[in-house]
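The values are calculated or read from the model by the stated rules, or taken from the named source; none is laboratory data. Values in this document were obtained by computation on a predicted structure and should not be read as measured data. Ideal geometry is used to build each Cβ from the backbone, glycine not excepted, and the neighbour counts take in all protein chains shown. These area figures cover heavy atoms from the full protein model, side chains too; ligands, DNA and RNA do not enter into them. Shrake-Rupley method; radii C 1.70, N 1.55, O 1.52, S 1.80 Å.
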There are 4 protein chains.
Amino acid sequence: MIKAGIIGATGYAGAEIAKILYSHPEVAIVSYGSKSYEGEDFSEIYGQFRNLINENCSPDDLDALVNKADVIFTATPQGYLAGKLTKELLSKCKFIDLSADYRLTDVDIYEKWYKIKHQSPDLIKEAVYGLCEINREQIKHTRLLANPGCFTTCSILTAYPLVKEGLIDPSTLIIDALSGVTGAGRGAKTANLYCEVNESAKPYGVAVHRHTPEIEEQLSKACGKNFNLNFTPHLVPMNRGILATEYASLVNVNGRLPSEKTIRAAYEKYYKDEYFIRLLPDGKYPETKFVEHTNFVDIGFKVDPRTNRIIMMGAIDNLVKGAAGQAVQNMNIMFGLPENTGLKFSV
Amino acid sequence: MIKAGIIGATGYAGAEIAKILYSHPEVAIVSYGSKSYEGEDFSEIYGQFRNLINENCSPDDLDALVNKADVIFTATPQGYLAGKLTKELLSKCKFIDLSADYRLTDVDIYEKWYKIKHQSPDLIKEAVYGLCEINREQIKHTRLLANPGCFTTCSILTAYPLVKEGLIDPSTLIIDALSGVTGAGRGAKTANLYCEVNESAKPYGVAVHRHTPEIEEQLSKACGKNFNLNFTPHLVPMNRGILATEYASLVNVNGRLPSEKTIRAAYEKYYKDEYFIRLLPDGKYPETKFVEHTNFVDIGFKVDPRTNRIIMMGAIDNLVKGAAGQAVQNMNIMFGLPENTGLKFSV
Amino acid sequence: MIKAGIIGATGYAGAEIAKILYSHPEVAIVSYGSKSYEGEDFSEIYGQFRNLINENCSPDDLDALVNKADVIFTATPQGYLAGKLTKELLSKCKFIDLSADYRLTDVDIYEKWYKIKHQSPDLIKEAVYGLCEINREQIKHTRLLANPGCFTTCSILTAYPLVKEGLIDPSTLIIDALSGVTGAGRGAKTANLYCEVNESAKPYGVAVHRHTPEIEEQLSKACGKNFNLNFTPHLVPMNRGILATEYASLVNVNGRLPSEKTIRAAYEKYYKDEYFIRLLPDGKYPETKFVEHTNFVDIGFKVDPRTNRIIMMGAIDNLVKGAAGQAVQNMNIMFGLPENTGLKFSV
Amino acid sequence: MIKAGIIGATGYAGAEIAKILYSHPEVAIVSYGSKSYEGEDFSEIYGQFRNLINENCSPDDLDALVNKADVIFTATPQGYLAGKLTKELLSKCKFIDLSADYRLTDVDIYEKWYKIKHQSPDLIKEAVYGLCEINREQIKHTRLLANPGCFTTCSILTAYPLVKEGLIDPSTLIIDALSGVTGAGRGAKTANLYCEVNESAKPYGVAVHRHTPEIEEQLSKACGKNFNLNFTPHLVPMNRGILATEYASLVNVNGRLPSEKTIRAAYEKYYKDEYFIRLLPDGKYPETKFVEHTNFVDIGFKVDPRTNRIIMMGAIDNLVKGAAGQAVQNMNIMFGLPENTGLKFSV
């Protein structure tokens, strides 16, 4: 059994990790860390676990936890792990960090977008960016896993094969995304009250959302050149789900625009054996309800011959493939388990 | 492996049976029957099953199905199974019926409340009322299982120990219940359109809802005398969940009203070893979100010394414990499996 | 023009007063008081008023405000007005208080249920309970108006004629009510976050909700004897609306139970000329969406001959007839205006 | 008093016309036409009108209606009015058509996108496209008003000044839009059931939505050259509201990209005196809740210096400014009334 500790277990992502690991056949949870609810019964906060998890929330004590856990999931605010992590801690335990602390290779970009001084920049190069379907080989061997952001996971996977194969012009890429409200976290903010969010849709973080450089870094790596893109998230009234609708101009290949068949072939080249990626047939587009509570990414596309653009659409559950599910998928890879262990579709 | 057929697989309850059985370790689904979608790919209708279930919906052919299935789940309109079932069919296969056809022992009451002529009244006495926690022993030996209604499951289990122990006066029992909209089914009716239901709450079936005689029959059996009660369901804007708030006058025992301790002891007498019933501690009341997508029943209560009444509250997921989950729990009992097989909490 | 000041203008009820008064032909708002947003532009908080209301929120300065306002609406926490109000202030300006400070005539009951020491108990006898349809005459002459609670308004009006006429036994009265989430206020509490409330229903304040003694006092007055009742509110996922479902045993009149015709006659006796009360025809029951954004109360009922009980159902918009709308209706009465001025149905 | 008839009064847009006209000081509604509910009491279908509108729905009899109405609103399916309208009918009465029948000047484009044969193409040139803020002068004199689509109203007004002034390159324009579910109409379709729409977001009509050519025609007219654009609508779980997020590359003016100040000046040039258009300050973006139940258009923008693109965002209520409100605004203009009569913000 893998012994897993969770830091930040009472946030939405942390509790989702607990939920997945509770049913995982190869994992025992050894700690439910929570600063806000230290000493309280975890199942009083998340009543769905009543009679199932009988544990009190523990303080955030990384030094103690590395000695009893094989892997620690940190579902914590930006800056938390960067401020605590050391080579010594890393030598004792594997880390899967759900914050952005080790996602960006360029510390200046991190500090500029997050407006925080990075406390352990030397450890960034240790980290592997945990987009499982892309970086599987490196993930196997890392002890510091930077779990991707929710919007980034969806945005990158939806466009990756076409960027990689040069079928679209990355400099024309525009990503317009919708998010359920769990994406805003469980902090007590007026803006996230039921009556503020319900019956309304709004954009936020326009041109400044922090997932932008993360998407840019990964897709720039895919196409071999740096570029900037537009990313606009919107908050819509539902608990879970991310839908990314992405636009890009198609690129001539051998003097002509790629056909839908060529595009489908590119997607299949990268994804046809991926358990968690479902390429939809022609004329079908993703709906967030079909991936809710699953680790799947549903991807569809449509070429518009009137504008020579392609519209790519992807959907995930922001708390599963966009956070806790992918974190567990990464853990499975890091510990040599079948990748979908504990992540199959179920009740 | 138990071979299971589903008739009515594309309704909400039928699809939930498919979902649960898909992950059930001891079951293989042999037929997805659907009159409305015959010949269509099941996963085109319920996109969450894409790549997982690759089967077309089959016609409703009971005669053929009894030869290839060990158990048939009928998630069909009232009257369907009563119009088809025969002793011969029953001799070949077990039936778990999610309609009301075999729930009421008195055919006159059925015909009066449902306004349908019962086509096989002689088979009613074969049927066992599948409220697992109450009728477990009989369920083990039946081949015709009448799966309880959603409101009834929640309403009965919430009051049962107190009625059975004589701690409340059944003639004072009033049940006020809330239901999510999946309870209204998947038929294309204007009244169930998103914009008709959203941002509104309404009572329906006031004093005439068909689950009333079902609750009355079971609770009358518990206390050994016939009585009538009031039951008022309300539709509230959420997908899933039933919350029943029940009121009754407490009965003097040895010259005094029962204390909260006595009441708790009565609940524990019946439920303390039940996996799927969670009795909440003092001051905690059920919330439907904590039982969503689970087969649990959460029950809480409060004595009001000002009125000498007790307020009992229960919550279930109407599609799980209120339909498909309980059906599978019944199947587990009928086939000698551990009762929570395939029904444990998971992703 | 009536000069109106609002204290607590940035809460949901306060903002609804602003919204109604903005269109009221006989009122000018002279102050938008808000402790939390002092100095901020009111329309930055409630963006619907952009370009319409160009005023900054002012500090809560009652002493100054009484000199420039003809009427002050206090949409403030319990205890606020009781701690500030004096005979001198009352001599300068009329007050319409949306808190519970002056609703209960017995200060002990107030202090017991609200767990606050009342700071101006001598002023309670000045106050008139502003249930317009019942206390219209007294409202005309008061300078201190206690605006009823949201649940109370709906609960009382739904049962009043039958209690008053002795057609139901008040000691059997049980009120089960649903509320939209604006009823929980605009404070930043985790429990009221979108994802905590959405897709769930729950009871709260079971047997201890503060609106209970308020309902009891008014209905006891109606029938001329004191009695206790059960009142259970539930939170359901919608912004606005209260639905009260009320149960009571019918009382023999001249040796027989009252017919539906007798009951309808009782309702009509009290309500047939009331603009804001709509008695629904037989077989029709209230839905909150039909009163949303209006000052109407919709009332329906059903006699259950099986139990000799009546089920009475009422619906209001908690922020309009349950708070701001009724406050303005009271203001209209207090200032001699037609009662529905500024409260008619519109865009 | 203007006598107004409504054809299609029981759809969502038709009922919203009834709602607005009910409170309009200069209008009397003479007919509530409804094919589906002919002979039924209008207020039984829309219960909010109980006691207010006491009229039965009438059959769709245009020939009779032109003799008693001064203006007829047709909130009918595509093809209805085109199949009925004649010069003779037009000579007797003004028409405001909420369908697409007379919105596109090129009948071939209409027939291609709507897949219907146009039955009265000769009348198209009579029609004025009723985008009030743009075509006010022509609207004054027309007797056949083509009321714009919901997405089009929002999409065009959000981009119009920048397209007109040449500040953005129209060929780069991408419009990503969200719509509440009233936009899908009141027909009884499974896809629009509460449980199908709730807790999900999905794109639809990708690259083929019929509002595309309407947006293209109007914006092409603005910039003086034809171009194609991408428009992708999404359905999100809320009753009302459209949010359009639009992307375009900025165009060099005098050798440099336009500043935010230049862009704001362009918006103000066209909109600063428009009652119904609210240009938001820097850093503020539209939210649909702030325009709900109003005829306002809220517009915000952000220049992204990293990509030299502008993100323009607009929000409307799809049933008000996107349908019924704009229709009444058009009526006001056509009949010489102040443009916001009956459309001011109110309870």
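Things to note:
- Fraction of antiparallel bridges per DSSP, region B:2-126 only, in percent to nearest 5: 5
- Within 10 Å of the Cβ of each residue in A:15-23, the mean number of Cβ atoms contributed by other protein chains is 2.
- Using a 1.4 angstrom probe on protein heavy atoms only, the contact between A and C buries about 1700 square angstrom of accessible area, both sides summed.
- Cross-link table B:LYS140/B:LYS189; B:LYS125/B:LYS261; C:LYS87/C:LYS112; C:LYS140/C:LYS269; A:LYS261/B:LYS35, entries beyond 27 Å C-alpha to C-alpha: B:LYS140/B:LYS189; B:LYS125/B:LYS261; A:LYS261/B:LYS35
- Accessible area in square angstrom per residue, chain D, 1.4 angstrom probe: 33
- In terms of the mean number of neighbouring beta-carbon atoms within 10 Å, the peptides C:43-49, A:173-179 order highest first as A:173-179, C:43-49.
- Computed from the Cβ-Cβ distance with R0 of 45 Å, the FRET efficiency linking D:ALA28 to D:ALA188 stands at 0.90.
- Sorted from closest to farthest, the other copies place their D:THR262 label points 3.7, 8.3, 8.5 nm away, with each point set 7 Å from Cα along Cα→Cβ.
- Net +/- balance of residues flanking B:ASN192 in space, Cβ distance below 10 Å, scoring K and R +1, D and E -1: 0
- For chain D, averaging the sequence separation of C-alpha pairs within contact (under 8 Å, six or more residues apart) and dividing by the residue count gives a relative contact order of 17 percent.
- Cross-link partners of D:LYS302 among aspartates and glutamates (Cα-Cα below 13 Å; sequence separation of 8 or more within a chain): D:GLU246, D:GLU260, D:ASP282
- Shape call, the protein assembly as shown: gyration tensor on alpha carbons, a/c limit 1.5: rounded
- Heavy-atom accessible area for B:CYS154, with the other protein chains in place and a 1.4 Å probe, reaches approximately 0 Å².
- Estimated dipole of chain B in Debye, rounded to 20 [Cβ of Lys and Arg +1, of Asp and Glu -1, Cα centre]: 600
- Loop-located trypsin sites (Lys or Arg not before Pro) in region C:159-239 (DSSP state other than H, G, I, E, B) with a sparse environment of at most 10 neighbouring Cβ atoms within 10 Å: C:LYS225.
- Whole-angstrom gap from region A:290-347 to region C:94-123, using each part's C-alpha centre: 56
- At least 50 Å² of accessible area lost relative to the chain alone, listed for region B:239-266 with a 1.4 Å probe: B:ASN239, B:TYR247
- Across identical copies of the chain, B:PRO59 has label-point separations of 4.1, 7.2, 8.3 nm, listed in ascending order, with the point defined 7 angstrom from Cα along Cα→Cβ.
- When DSSP beta bridges are restricted to pairs lying wholly in the protein assembly as shown, around 50% turn out antiparallel.
- These residues, D:PHE231, B:PHE335, go from largest to smallest accessible area, 1.4 Å probe, as B:PHE335, D:PHE231.
- Entries of B:LYS289/D:LYS284; B:LYS115/C:LYS289; A:LYS3/B:LYS344 with Cα pairs more than 23 Å apart: B:LYS289/D:LYS284; B:LYS115/C:LYS289
- Helix-only arithmetic for chain D: the sum of -39500 (n - 2.57) across DSSP H runs with n ≥ 4, divided by the residue total, places the mean residue ellipticity at 222 nm at -8500 deg cm²/dmol.
- Ranked from largest to smallest solvent-accessible area, with a 1.4 Å probe on the protein heavy atoms, C:ASP298, B:ASP60, B:ASP273 come out as B:ASP273, B:ASP60, C:ASP298.
- Charges were assigned to the Cβ only: +1 to each Lys and Arg, -1 to each Asp and Glu. The resulting dipole of region A:2-126 about its Cα centre is roughly 200 debye.
- In order through region C:267-283: 3J(HN,Hα) via Karplus (6.51 cos²θ - 1.76 cosθ + 1.60), integer Hz, x for Gly, Pro: 4, 5, 3, 8, 10, 5, 9, 7, 4, 8, 10, 10, 7, 7, x, 3, x
- Vicinal HN-Hα couplings computed from phi for region D:64-80 (Karplus, 6.51 cos²θ - 1.76 cosθ + 1.60; Hz; Gly/Pro x): 6, 5, 4, 7, 10, 10, 8, 8, 10, 9, 10, 9, 10, x, 3, x, 4
- Given a 1.4 Å probe and the protein chains as shown, B:GLU292 ends up with an accessible area of around 50 Å².
- For the set B:ASP108, D:ASP317, D:ASP61, solvent exposure ranked by accessible area (probe 1.4 Å, protein chains only) runs largest to smallest as B:ASP108, D:ASP61, D:ASP317.
- The share of accessible area on region A:2-126 that comes from carbon and sulfur is 46 percent, using a 1.4 angstrom probe.
- Relative to the Cα centre, the charge distribution of region C:285-339, modelled as +1 at Lys and Arg Cβ and -1 at Asp and Glu Cβ, gives a dipole magnitude of about 260 debye.
- Couplings 3J(HN,Hα) of region B:209-217, computed from phi: 5, 5, 7, 4, x, 5, 5, 4, 4 Hz, in residue order, whole Hz [Karplus 6.51 cos²θ - 1.76 cosθ + 1.60, θ = phi - 60°; x for Gly and Pro].
- Using a probe of 1.4 Å, the accessible surface attributed to A:LEU145 totals some 0 Å² when neighbouring protein chains are kept in position.
- Burial of accessible area (probe 1.4 Å, heavy atoms of protein chains only) in region D:320-347, relative to its chain alone, reaches at least 30 Å² for D:PHE345, D:SER346, D:VAL347.
- C:GLU55-B:ASN308 pseudo-label distance in nm [points 7 Å out on the Cα-to-Cβ vector]: 5.4
- Antiparallel %, DSSP beta bridges [both residues in chain D], to 5: 45
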